[in-house]
Every structure is written in structure tokens, then in C-alpha cells.
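Working notes, structure below.
The values are calculated or read from the model by the stated rules, or taken from the named source; none is laboratory data. Source: prediction; values computed, not measured. Positions of Cβ are backbone-derived with ideal geometry, glycine not excepted, and every protein chain shown enters the neighbour counts.
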Amino acid sequence: MTGNTKSLKIAMIILAAGESKRMGRIKQILPWKNSTLLEHVIEQGHAATVDDVFVVLGANIQSILNKIDQKNITIINNQKWQEGMGTSIACAMHYFKKNSLYYDAALIVLADQPLLDSMHYNILIDNYIKSNNKIVSTQINSGEGVPAVFDRKYFSELSTLDQDFGAKKIIAANVQDNYTINSGVSHVDIDTIEIYCSLFKKYGR
């Protein structure tokens with residue numbers, strides 16, 4: 001991890017608390033390249049221009065911790081994970097506040113987007129630094145979503161998210177503040193075992 005050109009402090013938050021019910025197995029620790037889906041995203045985070053990497057876990061937390069390298073990351077345990085992805089984002093924001101951690105912005109990513117790498121993360125961050133936009137999001141199919149950089153002006157709003165309303169809710173409500181970068185990939189989220197197997201054969205070996 002390295003600092004960035006304007007000495008802004010940026011946290012990376014990896015959302016990995018879900019149960020992966022549609023997968024029928026623990027998605028976060030499925031094989032990907034030389035490690036797992038989650039570890040691959042962590043590695044991409046360390047290669048990006050962020051200062052610290054946080055991983056929000058919830059379901060199957062012990063099984064996941066037993067399978068990943070916890071060096072140079074901070075684990076946040078979302079005990080409300082069953083209420084949806086929004087609670088993981090809020091949990092991270094509350095963790096920052098509780099521990100008096102200051103960041104100028106947060107890059108929020110998902111653990112099941114292995115085709116989006118450190119280069120894409122850095123494009124988001126660079127656009128945030130060099131523009132007046134307080135949100136820089138990723139074009140996914142017909143909408144905008146994560147990975148996305150949120151300026152700290154949105155931390156309070158992010159801390160109020162609950163249920164299954166994720167960062168898209170904040171982006172949609174603040175379109176005037178948002179700049180969107182095309183992801184450049186057709187398959188972003190790995191939601192089913194069929195998608196995983198197809199992408200693993202092409203990219204994950």
C-alpha cells in the first residue's frame with residue numbers, strides 16, 4: 001500500500017459478511033488463482049493506493065478467518081449481517097468513529113468481484129482526488145455501484161444504512177456529486193456457482 005498524491009488518507013472497506021445462500025457454499029473462500037476470492041480482493045487492495053484495508057465479516061466468520069491471511073488487514077465483525085449489506089457499510093463507519101480513525105474517503109468494494117483489480121481501484125481514487133466529485137462509482141450494467149469512493153462528507157449517511165440497501169442508495173440520492181467509471185468487464189458479481197465456475201475456468205486458475 002502506498003500513499004496518494006495529495007496526502008489524502010483513504011480506507012478500503014471490503015464487504016464480505018454475506019451468507020452466500022445462492023451459492024450453497026462459503027463464497028469468500030472459494031479458490032481463485034493462488035488463494036481465495038476474498039484474499040484475491042485483499043491483495044488487490046494492498047496493491048492499490050489506499051492506506052488501510054478493512055474486511056467486514058459476519059456469516060461463517062470463523063471458517064473464513066481460518067482460511068485467510070489476516071496480516072495487514074483489520075477485521076470488522078458485523079453481528080447484524082443477516083439484515084443485509086447496508087449494515088456492513090454502517091458497521092465499518094461506526095468502527096471508524098468508535099476507534100477515532102480519520103479518513104478523507106473510503107473505497108467500498110465487494111469480495112465477489114475478482115475481475116475488478118487494483119488498476120480499476122486506482123482509477124476511481126485518481127478521479128476522486130483530481131475532481132470535485134465526492135463520489136466516484138463503477139458503471140455496472142445499467143446502473144452505478146461499488147466499487148466506489150465516498151468522500152468523508154458521506155460517512156454519516158453511510159452509517160445509517162440498514163437492511164439490504166447498500167451504497168447504491170447513497171449514489172442514487174446524490175447523482176450531482178457522482179462521477180461514474182465503466183468497469184470494462186461484462187461479469188462483475190459472482191452470485192451463483194454457475195457464474196463462478198465459468199469465470200474460474202477463464203480467469204481464476
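Data table
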read-out	value
Among (1) in contact with a Ser or Thr (Cβ under 8 Å, 6 or more places away or on another chain); (2) modelled with pLDDT under 95, the one test that Lys21 misses	(1)
When residues of region 24-42 are limited to those that are surrounded by fewer than 19 Cβ atoms within 10 Å (Cβ to Cβ) and among the charged types (D, E, K, R), the one modelled with the lowest pLDDT	Arg25
Residue list for region 135-175, restricted to those being of a type outside the set (A, V, I, L, M) and under 19 Å from Lys97 (Cβ atoms)	Phe150, Asp151, Arg152, Lys153, Tyr154, Phe155, Ser156, Glu157, Ser159, Thr160, Asp162
Region 133-156 residues that are closer than 19 Å to Ile123 by Cβ and touching a residue at least 12 places away in the same chain (Cβ under 8 Å), paired with ones that are among the acidic types (Asp, Glu) and assigned to a strand (DSSP E or B) (beta carbon under 6 Å, 6 or more apart)	Lys134/Asp151; Ser137/Glu144
Scan of region 27-55 for residues that are in contact with a Ser or Thr (Cβ under 6 Å, 6 or more places away or on another chain) and either under 17 Å from Tyr121 (Cβ atoms) or assigned to a loop (DSSP other than H, G, I, E, B) (or both), ordered by number	Gln44, Ala47, Ala48, Thr49, Phe54
Test: residue in region 122-132 that is touching a residue at least 40 places away in the same chain (Cβ under 8 Å), of a type in the set (A, V, I, L, M, F, W, C), out of contact with any Cys (no Cβ under 6 Å at 6 or more places or on another chain) and surrounded by 21 or more Cβ atoms within 10 Å (Cβ to Cβ)	yes
Qualifying residue in region 106-114 (condition: of a type in the set (D, E, K, R), in contact (Cβ under 8 Å) with a residue 12 or more places away in the chain and either closer than 19 Å to Met85 by Cα or in contact with a strand residue (DSSP E or B) (Cβ under 7 Å, 6 or more places away or on another chain) (or both))	yes
Test for Asn127: is it outside any helix (DSSP H, G or I) and not acidic (Asp, Glu)	no
Asp117 being charged (D, E, K, R) and within 13 Å of the chain's Cα centre (by Cα)	yes
Residue among Ile195, Ile140, Ile170 that alone is surrounded by fewer than 18 Cβ atoms within 10 Å (Cβ to Cβ) and at pLDDT below 95	Ile195
Region 154-205, residues that are of a type in the set (A, V, I, L, M) and either in a loop (DSSP other than H, G, I, E, B) or over 29 Å from Met93 (Cα atoms) (or both)	Leu161, Val185, Val188, Ile190, Ile193, Ile195, Leu199
